[in-house]
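In what follows, a single structure is set out as structure tokens and then discussed.
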Amino acid sequence: MTTLRPGRLTAAAKKFLMWDPNPAVFGITIPCPVPVSMGLDDARGLINALIDTHESLRSRYSYGLDATVFIEPESRGEIDTARVDVREVDIEQVAGDAIPQIMEVETAKSNLRLDPTTGKIVTAALLTRSTDVNILLLTVHHIAIDGVAMWVMWEDVATYARQWEAGEEISLPREPITGSEWAAFLDEYSLTRTGDLDYWMAASDIEPHIETRPATPESAYLDEVIDGALAVRLLDELPAALGASYTRILLVALGLAIEDVTGVARPIQVQKHGRYSRLRPGTDLSRTVAWLSDDYPWLVRPVAGSHGERMRDAIANYPANPEDFTLLFWHHPDSWSRMVEFNVPKFYFNFLGDVGVWIPGAHSREQARLTVFDLSMFLGASENDGVRAVHYSVHSPTGGIGLDRVKEIVTRWISILETVEV
């Protein structure tokens, strides 16, 4: 019988396991090139090595208000085929332009094979052929991975494939600190962040929860790109002029656009990736595979003036320690009674980081889960052949604000980025 040891849940994991309506089906799929000579058994060895290297991939999770995590021991090289789930798909006769459709179909199948309660955190499909490279479609449940950790997984697959093809001993770098260990630290550290609950409660949304609204209008979805001269302005000129990162500028401009269109300042739930190593100097979270994301509400302060004056005021008065919201509400032992009173903002902003090659519509499935928001925006930056761009996907669910209002807000947002004086 496998001996399990209890672990600690990160804030993102706690929130997801407590409240998501369908927690079993939520995978993140990463297409990874592997040698064409790598077969099914070899791919199983690769997946087993990933699971052994990262604690979150060999954990079992329960759902509900008393959600828990228990961690399995490493395999010591023995492959448990019930947990190491890899299937082979022959694409030898598939035309190149049809492969994305195959990947989409296999990704959907992989999502249905996940089961966090039994430790089925990873599934994979190996797309095989006789030339070029094989494609390992690696699917990891979001409970164990976030937008930063997915690139750790990508690098580990590349390292394993390189060592395997060269006939070298497989040696993947270990995690300096696991997600469970970091969560335990945050539980203790949160006790030092007291006294700010009233500040964060003030950013509670004035609108009722979306569940109380009639199921109209219909859902809306946009997927667009900021490139060319506006990308240069956003990535270079505005940060230099305003003394803020371009991600902060994107967020502040969205806050101003929502205020302009709706006629009132509305809070935005801001998603961050939670790797605040500075909270414990010397901590290295760069290889931690876990869902470390956190979020916090941000409310622009209504002020008169031009876009530039309003944006500078918002930047100057931005909260210095936004991570305190997550620490107080999800790690502090005495905050739960206030948390349940908090009315989450109905606008959502998540910058995913440098996404490399953007896959159009890649986040539409994730967006569709965000039914508590009137408008949710996912963003990421890319650089391909020296061309930089920022990609954004905007979603409003059925019963949200509808396509016309989404377009109105997005148009205003772009206009502010184009015209704000520098």
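The values are calculated or read from the model by the stated rules, or taken from the named source; none is laboratory data. Everything quoted here is computed from the prediction, not taken from an experiment. Note that each Cβ is placed from the backbone with ideal geometry, even for glycine, and that neighbours are counted across all protein chains shown. Only protein heavy atoms, including side chains, enter the accessible area calculation; ligands, DNA and RNA are left aside. Shrake-Rupley method; radii C 1.70, N 1.55, O 1.52, S 1.80 Å.
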TODO: Hey, can you tell me all the residues within region 64-112 that are hydroxyl-bearing (Ser, Thr, Tyr), modelled with pLDDT under 95 and assigned to a loop (DSSP other than H, G, I, E, B)?
DONE: SER75, THR81
Task: Failed condition for ALA184, given (1) under 21 Å from GLU88 (Cβ atoms); (2) surrounded by 13 or more Cβ atoms within 10 Å (Cβ to Cβ) - done: (1)
Open item on the list: Please count how many residues of region 274-298 are outside any loop (DSSP other than H, G, I, E, B), in contact with a Gly (Cβ under 6 Å, 6 or more places away or on another chain) and among the polar types (S, T, N, Q).
Closed with: 0
TODO: Starting from region 234-258, keep only residues that are at positive phi and free of Cβ contacts under 8 Å to residues at least 12 places away in the same chain, then list their pairs with residues that are open to solvent by less than 30 Å² (accessible area, probe 1.4 Å) and among the acidic types (Asp, Glu) whose Cβ atoms are within a distance under 7 Å, requiring at least 6 positions of separation or different chains.
DONE: none
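Taking the condition touching a Leu at 6+ places or on another chain (Cβ under 8 Å), of a type outside the set (D, E, K, R) and within 22 Å of LEU242 (Cβ to Cβ), does ALA320 pass?
No, not satisfied.
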Task: Close pairs (9 angstrom Cβ cut-off, 6 or more residues apart or separate chains): modelled with pLDDT of 95 or more in region 157-178, surrounded by fewer than 15 Cβ atoms within 10 Å (Cβ to Cβ) and of a type in the set (S, T, N, Q) anywhere - done: THR159/SER171; GLN163/SER171; GLU165/SER37; PRO176/SER286
Task: Residues located in region 319-341, provided they are in contact with a Phe, Trp or Tyr (Cβ under 6 Å, 6 or more places away or on another chain) and without any contact (Cβ under 8 Å) to a residue 40 or more places away in the chain - done: MET339
Open item on the list: Take ASP260 and tell me if it is open to solvent by 10 Å² or more (accessible area, probe 1.4 Å), within 22 Å of GLY147 (Cα to Cα) and in contact with a Lys or Arg (Cβ under 8 Å, 6 or more places away or on another chain).
Closed with: no
Open item on the list: Looking for something under 20 Å from GLY179 (Cα atoms), in contact with a Pro (Cβ under 8 Å, 6 or more places away or on another chain) and open to solvent by less than 20 Å² (accessible area, probe 1.4 Å) - is there at least one such residue anywhere in region 67-74?
Closed with: yes
Open item on the list: Quick check on region 375-390. Is at least one of its residues modelled with pLDDT of 85 or more, surrounded by fewer than 22 Cβ atoms within 10 Å (Cβ to Cβ), farther than 17 Å from ILE226 by Cα and not aromatic (Phe, Trp, Tyr)?
Closed with: no
- [ ] Please work out which one of (1) at pLDDT 95 or above; (2) within 17 Å of ASN134 (Cβ to Cβ) is the condition TYR61 fails and give its number.
- [x] (2)
Open item on the list: Criterion first (within 19 Å of the chain's Cα centre (by Cα) and modelled with pLDDT of 95 or more) does ALA149 satisfy it?
Closed with: no
- [ ] Quick one: count up the residues across region 13-58 that are part of a strand (DSSP E or B) and in contact with a strand residue (DSSP E or B) (Cβ under 6 Å, 6 or more places away or on another chain).
- [x] 8
Task: Residue match in region 400-418 (condition: in contact (Cβ under 8 Å) with a residue 60 or more places away in the chain, over 16 Å from the mean Cα position of the chain (by Cα) and within 20 Å of TRP19 (Cα to Cα)) - done: yes
- [ ] Go through (1) modelled with pLDDT of 95 or more; (2) touching a Phe, Trp or Tyr at 6+ places or on another chain (Cβ under 8 Å) one by one and return the number of the condition ALA316 breaks.
- [x] (2)
- [ ] Could you tell me which numbered condition GLN271 fails, if it satisfies all but one of (1) modelled with pLDDT of 95 or more; (2) outside any helix (DSSP H, G or I); (3) open to solvent by less than 30 Å² (accessible area, probe 1.4 Å)?
- [x] (1)
Open item on the list: Between a residue in region 185-205 that is acidic (Asp, Glu) and any residue that is in a loop (DSSP other than H, G, I, E, B), which pairs come within a Cβ distance under 8 Å, given they are 6 or more apart or on different chains?
Closed with: ASP187/ARG8; ASP187/PRO333; ASP205/ARG266; ASP205/PRO267; ASP205/ASN343; ASP205/VAL344; ASP205/PRO345; ASP205/LYS346
Task: Restricting region 15-48 to residues that are over 17 Å from MET150 (Cα atoms) and among the small types (Gly, Ala, Ser), the residue that is most open to solvent (accessible area, probe 1.4 Å) - done: SER37
TODO: Could you check how many residues of region 121-149 are open to solvent by 10 Å² or more (accessible area, probe 1.4 Å) and in contact with a Leu (Cβ under 9 Å, 6 or more places away or on another chain)?
DONE: 4
Task: Residues (within 21 Å of ASN111 (Cβ to Cβ) and within 27 Å of the chain's Cα centre (by Cα)) located in region 65-90 - done: ALA67, VAL69, ARG83, VAL84, ASP85, VAL86, ARG87
Task: Looking only at region 178-231, and only at residues there that are in a helix (DSSP H, G or I) and aromatic (Phe, Trp, Tyr), the one that is farthest from PRO333 (Cα to Cα) - done: TYR199
TODO: Specify the residue that is surrounded by the most Cβ atoms within 10 Å (Cβ to Cβ); the eligible residues are those in region 305-334 that are touching an Asp or Glu at 6+ places or on another chain (Cβ under 7 Å) and small (Gly, Ala, Ser).
DONE: GLY308
Open item on the list: Conditions first: (1) outside any loop (DSSP other than H, G, I, E, B); (2) under 26 Å from the mean Cα position of the chain (by Cα); (3) not small (Gly, Ala, Ser). GLN163 passes all but one, so which condition is the exception?
Closed with: (2)
